[in-house]
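The values are calculated or read from the model by the stated rules, or taken from the named source; none is laboratory data. No experiment lies behind these values; they were computed from the predicted model shown. A quick note on method: Cβ atoms are made from the backbone with ideal geometry, for glycine too, and the neighbour counts reach across all protein chains shown. These accessible areas exclude ligands, DNA and RNA; they are computed on the full protein's heavy atoms, side chains included. Shrake-Rupley method; radii C 1.70, N 1.55, O 1.52, S 1.80 Å.
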Amino acid sequence: MNKIVQVNLGGYPFTLDENAYQRLHGYLESLRRHFSASGSCDEIVADIEQRLAELLFREGEMRIVTLAMVETALGVMGQPAEIADGASDAEAPSSPPPPNTASASSGSPKRLFRDPDDSVVSGVCSGLSAYFGIGDPIWFRVGFVVAAFISLGFALLIYLVLMYAVPAAKTSAQKLAMRGEPINVDNIARTFEQDAQRFGETIRTEAEKIRTSSGLRQGAVQVGNAFFSLFKGAAKAVAFFAAGVTLLFFGVLWLVFATSFTVRFGELNEYFFPTAGLTWIAFASILLAVGVPMVGVLLFLFRLLFRYRPGPWYRSVSGGLFVLSLVGLTATALITLCQFKDGSETRSETVLQLPSGKPSLFRLNWRDNADSIGYAVVVQTSDALFGENALYVSDVQISVRASADSTARLTVYRRSMGNNPTEARRLAEAIGYEWRQEGGAIEFDRAFRILRGDKWRGQEAEVWLELPVGCILQYDRHKGERKTPEMRTLTIESKTHERL
């Protein structure tokens with residue numbers, strides 16, 4: 001039976017059993033003794049503590065940390081004695097050091113950070129260079145400058161977003177993760193010593209500049225720093241504002257889509273998707289495909305503003321839902337596309353009576369047939385009217401041409417797609433479109449009709465009016481869709497062939 005100890009390691013609270021605590025305490029004390037000769041002993045140990053905390057948090061999460069978990073984390077970090085052994089072996093190259101299996105197997109995947117040690121503005125290009133393994137960040141810097149001109153400033157907005165979205169590599173562990181090097185005691189100590197040396201060189205260089213520069217130059221530098229700080233603050237505010245506006249825009253679109261899909265669910269189920277279950281799958285998949293990234297952006301803003309970080313469950317749940325939505329969209333698209341596999345066409349031709357008089361005069365009119373079934377509510381969507389018992393599509397193509405003889409004819413073509421030729425022909429024959437002639441007046445339906453229960457499969461209705469040469473045709477250019485008609489008179493010639 002072991003006691004339970006509450007500790008704070010690297011800024012994280014942990015619950016350890018007594019054996020794990022003794023082992024961890026002894027390890028940290030040995031580190032302090034090993035680095036006691038270094039002036040940066042406390043900083044090196046603090047970085048190692050933070051890395052140990054990350055390893056134990058990943059290993060233990062909310063459970064009590066045991067001795068086995070501590071040993072696993074220490075195996076990744078390495079022992080101070082191994083550092084000393086490595087140093088002594090380095091003086092005798094004839095006997096290579098034994099392999100450190102724990103360190104060798106603990107290669108850390110690269111993470112994207114800004115590199116403040118090699119920065120011109122914020123270290124974004126240096127961080128990208130380290131992440132992609134490119135030795136000199138000059139290529140990224142030149143690329144951003146060229147892209148800023150080509151994209152009319154859009155690349156600059158991307159740079160500003162990266163500058164405030166990507167964290168800077170401040171600790172030794174973060175700098176190692178930026179380069180993809182193993183995060184262990186040896187590498188942390190080496191990185192910290194290099195930073196200390198670089199910092200000392202920077203201090204000496206700046207001191208030399210201060211001694212050799214004039215007061216005017218110092219003033220210019222201070223003014224430049226002040227303007228740069230002001231620019232950084234303004235850029236940060238603009239970035240947050242742009243992210244908030246973008247999130248609000250997509251949120252409104254998401255709500256509009258959810259509302260419209262809910263209102264149109266009955267029509268989509270009746271006229272488009274093969275089954276009601278597929279309609280629900282499409283609805284849920286689109287909502288998740290848009291909603292999951294929006295929630296991710298929202299949580300990212302909360303993290304920047306309020307330092308809020310969701311638990312480890314969030315990535316698993318959100319990633320699973322997003323993948324599930326993509327699978328649902330793909331399955332829905334493939335199943336629905338199969339319903340448009342084959343096509344069919346029907347043709348009906350009628351000989352028209354020539355009006356009395358010379359020349360013969362034909363007048364075209366259009367009638368609103370959307371009330372022919374007696375619906376209760378009509379919902380309009382672009383060129384479609386959803387009635388109670390039918391769908392009305394107003395995109396009817398009407399064309400006129402000269403006939404080869406003295407006979408006037410009217411031909412109606414009905415076309416449709418389907419999952420097989422038989423279904424396509426049935427849907428084409430079921431297209432409801434009427435017309436009638438009274439003397440010289442020909443009246444057409446404004447829309448063709450698809451009865452409820454017949455799916456929309458790209459149905460089309462096309463009318464060809466063939467008139468003898470010399471006939472006169474009068475019609476409204478707007479097909480009766482406006483209160484004030486715009487009449488046109490057309491004399492049929494041998495080359496007449498146009499769409500009304």
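Once the chain from W139 to V297 is taken as fully extended at 0.36 nm per residue, the excess over their C-alpha distance is 53.9 nm. Modelled spin-label separation between C338 and R436, with each label point placed 7 Å from Cα along the Cα-to-Cβ direction: 4.4 nm.
Please give the FRET efficiency for L248 paired with I64, using the beta carbon to beta carbon distance and R0 = 60 Å, rounded to the nearest 0.05. So, using R0 = 60 Å, E works out to roughly 0.85.
In the assembled protein chains, I150 presents an accessible area of approximately 130 Å² (probe radius 1.4 Å).
Rounded to the nearest 0.05, what FRET efficiency do D395 and V161 have when you use their Cβ-Cβ distance and R0 = 41 Å? E between D395 and V161, to the nearest 0.05, is 0.45.
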